[in-house]
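Undergrad: One structure, as structure tokens, below. Some questions next.
The values are calculated or read from the model by the stated rules, or taken from the named source; none is laboratory data. Being a predicted model, the structure only gives us computed values, none of them experimental. Don't worry about glycine lacking a Cβ; one is built from the backbone with ideal geometry, like all the others, and counts go over all protein chains shown.
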Amino acid sequence: MRDVCTDFGAELREFNGERDHVHLLVHYPPKVAISRLVGSLKGVSARRLRQEFPGHIRKYLWGDHFWSPSYFAASCGGAPLAVIKEYIENQKRPG
């Protein structure tokens, strides 16, 4: 995830999640289209997980896909960064 963000000129500041979703706090420049960044994050991570854990991944697929086609993105400009990071840190690790 960090490498993909770097390729977009973005910075992954926090990463965590739960069994069925992940939370990422990403600082990205305004020129980056969030849909392209998310698409790349999902695509690269799905490929890597399929390569590393091919047998285990099958039971988590959405049809033939690892990730759902949807995503949620929100801007937190103006919110204290510490509050957002604490929220993400307090989520369960993906399992």
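Undergrad: I need a count of the residues in region 1-50 that are out of contact with any strand residue (DSSP E or B) (no Cβ under 6 Å at 6 or more places or on another chain) and of a type outside the set (S, T, N, Q).
TA: Within region 1-50, residues that are out of contact with any strand residue (DSSP E or B) (no Cβ under 6 Å at 6 or more places or on another chain) and of a type outside the set (S, T, N, Q) number 30.
Undergrad: Moving on. Which of the residues spanning region 49-60 are farther than 19 Å from Glu18 by Cβ and loosely packed, with under 12 Cβ neighbours inside 10 Å?
TA: Gln51, Glu52, Pro54, Gly55, Arg58
Undergrad: Okay, next question. Can you go through Gly9, Gly63 and tell me which one is surrounded by fewer than 11 Cβ atoms within 10 Å (Cβ to Cβ) and on the phi > 0 side of the Ramachandran plot?
TA: After ruling out the rest, the residue left standing is Gly63.
Undergrad: Check region 43-64 and report whether any residue there is within 19 Å of Ile88 (Cα to Cα), under 12 Å from the mean Cα position of the chain (by Cα) and of a type outside the set (Gly, Ala, Ser).
TA: No, because not a single residue in region 43-64 is within 19 Å of Ile88 (Cα to Cα), under 12 Å from the mean Cα position of the chain (by Cα) and of a type outside the set (Gly, Ala, Ser).
Undergrad: Determine whether Ile57 is at pLDDT 90 or above and hydrophobic (A, V, I, L, M, F, W, C).
TA: no
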